[in-house]
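Readers should treat all values here as calculations from the given coordinates under stated rules, not as data from a laboratory. Note that the structure is a prediction, hence the values are computed from the model and not measured. So basically every Cβ, Gly included, is an ideal-geometry build from the backbone, and we count neighbours across all protein chains shown.
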Amino acid sequence: STPPGVPQTLRFLTTAAAVPPPGPYPLGAGSSLAIQAGDSEERVAEDGRAVNSVDANDATFWVTQWKPTATPMPHWIILDLRGVMWIDGLHYTYRPSDNTNGTITRFRIEVSPDLGTWMMANTPGTWLTRTTVKTIRFPALRGRYVRFTALASIEQQPWASAAELGVF
């Protein structure tokens, strides 16, 4: 059953899986990731495709739809690691230049082995300052998919963006 206060769509994996190897784990290259799905991407006014967040190019970026109208928060993107592995962190690079649109300030990370069962990797986190790279570490989980959900962005804007995402 789902614990009190947790959305019914979120199920936790509770198994006596193997003990994770000692961490912290190294950052996997963004180009080794694929995009499984996302809730929104801008394709009218600019190239804001989700795949840009894992192309190993900081000059390109994913941004959620803002033309003709912005879709509201939260926004999410699912990374495919192309195989089940131990995961203990996420790396986030905000979009290039001085444009702060969509800079994620509050987020949630979940891990899944199969896109059906999701494990919370962290309690919703907050990034207070805008620096080039953000890293969140959490207790190791085993999975193939990582769902990164933007719960809020800078100045309470309705969109989210990322130049690069990586998984530890």
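Brief remarks on what is shown
- Tensor-based shape of region 33-99 (alpha-carbon gyration tensor, a/c under 1.5 rounded, otherwise prolate or oblate): prolate
- At R0 = 25 Å, FRET efficiency that the Cβ-Cβ distance of THR117 and ASP47 yields, to 0.05: 0.15
- For Cα Rg over 2.2 N^0.38 Å, calculated from these coordinates, the label among [x] 1.40; [y] 1.00; [z] 1.59: [y]
- Fully extending the segment from ASP58 to ARG106, taken as 0.36 nm per residue of separation minus the present Cα-Cα distance, adds 15.2 nm.
- Using the Cβ-Cβ distance between ASP80 and VAL19 with R0 = 30 Å, the FRET efficiency computed as 1/(1 + (r/R0)^6) comes to roughly 0.75.
- Local net charge near ILE136, Cβ-Cβ under 11 Å (Lys/Arg +1, Asp/Glu -1): +2
- This model, with +1 at the C-beta of Lys and Arg and -1 at the C-beta of Asp and Glu, gives region 45-168 a dipole about its Cα centre of some 300 debye.
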